[in-house]
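These notes concern the structure reproduced below.
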């Protein structure tokens, strides 16, 4: 990892978040652990007001936290601090919830009671937000990628309830590298990771049953695309050749169990969407009908090819990708024109993964290819064909063939290159047909569909019909892709149905794999 530029990137990102939100500074809860030490240091380096809060409960040791805060205050004039002990608040809360519990010593409560540990975490977050609200600061999260997106090792609406998460895309091993670069105290870097919620001193490893290095390995095994592209070759662990050791099997099971059990933490709460016809009076229903006429609409099928479905399992199968045909045909019923895109790759494409350069490894020497992929949708093969039940290519009004050059692997249908300088002609064709609205479906929602929709949103009103899409990602990664589209003014249709269906498919796939 390039620590120098990673540090600069995060510090710049933190400054942008203040500008975006109109807030004045940062609040960070400092525990004495590696994650909060890195985050607080990065916040301090922005030059903006940084308020560090140490929040012991009872007799918890704060030596490392106090030492780290002191060092930052000596280095940065923008750093202030406050220590608040919530031991009495915890006992008062427990007494209110469960009268008579004050007869039990706080150390005994902490030692055996997960409920109490979660209450502590939520009390701490209440304290952080109290200061943040008063000062108009942002509460900065200290969770890393393994905790926040891998096993869900945080308290819901406790340490998981934050405004921004600057190291949420860093693995624990990467946090340690950045800590070394930042000059974090060696005692903190050597200390066993702990959430500090248990007076018996139990560590994260004690609670989880695996080290962070082991959990990172399990993440790579379970979902390579979840990791940063280019970080993992399964053969390097002997996974493909020799199978798993008993300990590796145990770690994978720990990871899978925690990932599944904590999905509710890593995804937004389900929302019951009330159909629009139930909300509107009869006269409102008529007024709500789109004023855009049929001749102003186009339907776009993005890469609905067999190579992206379980019909071609050796290519890039998107779960349930072969079942979007009916929805694509339905969305095309009330439009002026129907267009499509398809990958049409050469056999000598430079991005095709090999044993030496496996899938997801990064490509640095080509501006229009970002990572290696398995060979897929090769021109003239079954994988390149449209799904059965869709129009033949010549029956569409316009078809974009993309990725035809060996040194190009675009995702969107509007440009041949990642730099978006070489148009495919799709935008110009739609404009020539005086199209105002485009409804999109296809594969996959979080890659080619998303990129295409964002490209088109600069010129047209865009709707993404999620009933006619399937996705690769899940959880927060999928939610981030959907949110990115909505941030560009794109309307998502059938969102709740899509997320519930995708969750069911993911669970079914996990059952099959296990």
### Query
When the residues of the range 319-340 are filtered to those that are part of a loop (DSSP other than H, G, I, E, B) and under 25 Å from the mean Cα position of the chain (by Cα), which remaining residue is surrounded by the most Cβ atoms within 10 Å (Cβ to Cβ)?
324
### Message
Please pick out the residue among 89, 38 that is in the same structural domain as residue 202 (by TED's automatic domain parsing), crowded, with 19+ Cβ neighbours inside 10 Å and either touching a helix residue (DSSP H, G or I) at 6+ places or on another chain (Cβ under 6 Å) or in a helix (DSSP H, G or I) (or both).
### Response
38
### Summary
The one condition residue 53 fails out of (1) modelled with pLDDT of 95 or more; (2) in contact with a strand residue (DSSP E or B) (Cβ under 6 Å, 6 or more places away or on another chain); (3) more than 21 Å from residue 174 (Cβ to Cβ) is (1)
### Task
Give the residue, chosen from 367, 317, that is free of Cβ contacts under 8 Å to residues at least 60 places away in the same chain and more than 17 Å from residue 410 (Cβ to Cβ).
317
### Query
How many residues, within the range 415-456, are under 20 Å from residue 321 (Cα atoms) and not in a strand (DSSP E or B)?
10
## Note on the structure
Exactly one of 350, 316, 390 is more than 26 Å from the chain's Cα centre (by Cα), surrounded by 18 or more Cβ atoms within 10 Å (Cβ to Cβ) and assigned to a loop (DSSP other than H, G, I, E, B), and that one is 390
### Query
Which is closer than 22 Å to residue 308 by Cα, crowded, with 19+ Cβ neighbours inside 10 Å, more than 18 Å from the chain's Cα centre (by Cα) and modelled with pLDDT under 95, of 512, 469?
469
#### Entry: Any chance residue 32 is more than 23 Å from the chain's Cα centre (by Cα), at pLDDT below 90 and not in a helix (DSSP H, G or I)
yes
### Query
in the same structural domain as residue 442 (by TED's automatic domain parsing), within 27 Å of the chain's Cα centre (by Cα) and at pLDDT below 95: does that describe residue 364?
yes
#### Entry: residue 380 surrounded by fewer than 22 Cβ atoms within 10 Å (Cβ to Cβ) and part of a loop (DSSP other than H, G, I, E, B)
yes
### Message
Could you go through the range 91-101 and let me know if any residue there is under 15 Å from residue 56 (Cβ atoms) and modelled with pLDDT of 80 or more.
### Response
yes
### Message
I need the full set of residues from the range 11-31 which are in contact with a strand residue (DSSP E or B) (Cβ under 8 Å, 6 or more places away or on another chain) and either more than 19 Å from residue 148 (Cβ to Cβ) or outside the structural domain of residue 129 (by TED's automatic domain parsing) (or both), in order please.
### Response
18, 21, 23, 24, 25
### Query
Does residue 412 fit the bill of being touching a helix residue (DSSP H, G or I) at 6+ places or on another chain (Cβ under 8 Å) and assigned to a loop (DSSP other than H, G, I, E, B)?
yes
### Task
Go through the range 406-422 and give me each residue that's in contact with a strand residue (DSSP E or B) (Cβ under 9 Å, 6 or more places away or on another chain) and either touching a residue at least 60 places away in the same chain (Cβ under 8 Å) or crowded, with 17+ Cβ neighbours inside 10 Å (or both).
406, 408, 409, 410, 411, 412, 413, 414, 415, 416
## Note on the structure
Result of the Cβ filter at 6 Å on the range 184-196, keeping first residues that are assigned by TED's automatic domain parsing to the domain that holds residue 42 and partners that are modelled with pLDDT under 85 and not in a loop (DSSP other than H, G, I, E, B), at least 6 apart or interchain, is 193/204; 194/204
### Search result, residues across the range 442-456 that are under 18 Å from residue 310 (Cα atoms) and either in contact (Cβ under 8 Å) with a residue 60 or more places away in the chain or in contact with a helix residue (DSSP H, G or I) (Cβ under 6 Å, 6 or more places away or on another chain) (or both)
442, 443, 444, 446, 448
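The values are calculated or read from the model by the stated rules, or taken from the named source; none is laboratory data. This is a predicted model, so every value here is computed, not measured. Cβ coordinates were reconstructed from backbone atoms using ideal geometry, including for glycine residues, and neighbour counts include every protein chain displayed.
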